[in-house]
Amino acid sequence: MRLLEAEIDLKALIHNFHTVKAIVKPINPSCRIIAIVKADAYGHGAVEVTRALEKRCFAFGVAFFEEAAILREAGIKSKIIVLFDREVEGIFKYNLTPVVFDFKQAQLLSKQAQKKAVNLSVHVKVETGMGRLGIYNAPCETIKKIAQLPNIKIEGVMSHLSEAENKEWTTEQIRKFKEIQRCIVNLGISPVFHIANSQGIKYPEALFDAVRPGLMLYGYGQNFEKELKPCMKVKTKIIDIRRLPKGSPISYGRTFITKKNSVIGVIPVGYADGYFRKLTNRAKVIVRGKKVPVVGTVCMDLTMIDLTDIREVKVDDEVILLGDLGNEKITAQDIAEWAETIPYEVLTSLGSHAKRKYIREEVC
């Protein structure tokens, strides 16, 4: 069986939620939190994460209808905002809140709402510089037309920051969003405005009526690392130990040759488990409280590690791929740098392949 386990600390999740509140509330006391749980809560398990946060959030955000349906089937009653889907029938079946990003989509939802004799709340997405989804031609006029559609209520208006690490560009996006906000308010429409993702929360002027933290909830975020606690620890076990002479090749392509008599461990984790091939001869793991290097090419199901400097190591010893042990720690940011990617990809990849175990004690 797979010996890959992701330990998800729900206490850390709640801590991170309160950290977000502590940042935004002094600036905007009425600012609400839309917790982003798309991609199975960034690999942490959307159902369990949503249950832990359900009584604390204004709403939850998912990417697609199917993700929302899973939450509803699991008994989640809170507002769920579907960010990217053009689904119509399922929106009504599961009482979901769709994000509308063009007028035609709004018309289809209006027709279905009239047919079912119900009113539907929507959030409208406007383009401010992401170049992805959102109304970009005459946004105020389009929103006015949407507001006039039968059985449609504009509950929210949103946009998305494309480069929050760039202050100048982000300030320009916020300026555009404020212009749209003024226009909409002048039309007599009073929705919830929101633009800030995790990275955007550091900008006080981006804290409108709500924020949409994602990565921050799971323990990562530039400018807030000291306040946040990573929620995920990923671990496995050594399944074999080999004592090899100097000059022994390791794995495909002989990308690593032992420079001395070495002790090489084999762990049952590879790129099929979301442990990227790019980590070949770059990554480190923790064994018995010490960091040791990954050696040789990461295989589909197996990876080799150099245990030469670890005393009394044995088969079945625990190996930390992500997380801490003793005084050592490996973060998603560390793995992202080794793999030349971003922490989002690390968490969604490792978390989705591992068997999850949840720490719930004293979650309040």
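Points to keep in mind about this one:
- One residue from Ile23, Ile33, Ile8, Ile14 being buried (at least 19 other Cβ atoms within 10 Å of the Cβ), within 22 Å of Lys226 (Cβ to Cβ) and touching a His at 6+ places or on another chain (Cβ under 6 Å): Ile8
- Count - residues of region 309-327 that are within 18 Å of Glu225 (Cβ to Cβ) and surrounded by fewer than 16 Cβ atoms within 10 Å (Cβ to Cβ): 2
- From the list Val126, Val118, Val157, Val122, the lone residue that is modelled with pLDDT of 95 or more and farther than 25 Å from Arg212 by Cβ is Val118.
- Selection within region 238-255 - touching a Cys at 6+ places or on another chain (Cβ under 8 Å) and of a type in the set (Gly, Ala, Ser): Ser251
- Scanning region 68-82 for residues that are in contact with a Phe, Trp or Tyr (Cβ under 8 Å, 6 or more places away or on another chain) and assigned to a loop (DSSP other than H, G, I, E, B) returns Ile76, Ser78, Lys79.
- Of the residues making up region 2-39, those that are free of Cβ contacts under 8 Å to residues at least 60 places away in the same chain and in contact with a Cys (Cβ under 8 Å, 6 or more places away or on another chain) number 1.
- Test result for Phe64, within 21 Å of Val47 (Cα to Cα), touching a strand residue (DSSP E or B) at 6+ places or on another chain (Cβ under 8 Å) and in the same structural domain as Ile152 (by TED's automatic domain parsing): yes
- When Ile174 is tested against (1) assigned to a loop (DSSP other than H, G, I, E, B); (2) touching a residue at least 24 places away in the same chain (Cβ under 8 Å); (3) buried (at least 16 other Cβ atoms within 10 Å of the Cβ); (4) not charged (D, E, K, R), just one condition goes unmet, and that condition is (1).
- So Phe64, is it closer than 29 Å to Ile14 by Cα, free of Cβ contacts under 8 Å to residues at least 40 places away in the same chain and of a type in the set (A, V, I, L, M, F, W, C): yes
- Condition check for Tyr42: surrounded by 19 or more Cβ atoms within 10 Å (Cβ to Cβ), hydroxyl-bearing (Ser, Thr, Tyr), out of contact with any Cys (no Cβ under 8 Å at 6 or more places or on another chain) and touching a residue at least 12 places away in the same chain (Cβ under 8 Å): yes
- Applying the criterion of being more than 26 Å from Tyr203 (Cβ to Cβ) and of a type in the set (Lys, Arg) to the residues of region 25-61, the residue that is modelled with the lowest pLDDT is Lys55.
- Single match in Glu345, Glu337 (criterion: charged (D, E, K, R), more than 21 Å from Gly265 (Cα to Cα) and surrounded by fewer than 17 Cβ atoms within 10 Å (Cβ to Cβ)): Glu337
The values are calculated or read from the model by the stated rules, or taken from the named source; none is laboratory data. Quantities reported herein were computed from a predicted structural model and do not represent experimental measurements. Note: ideal-geometry Cβ built from the backbone for every residue, glycine included; neighbour counts use all protein chains shown.
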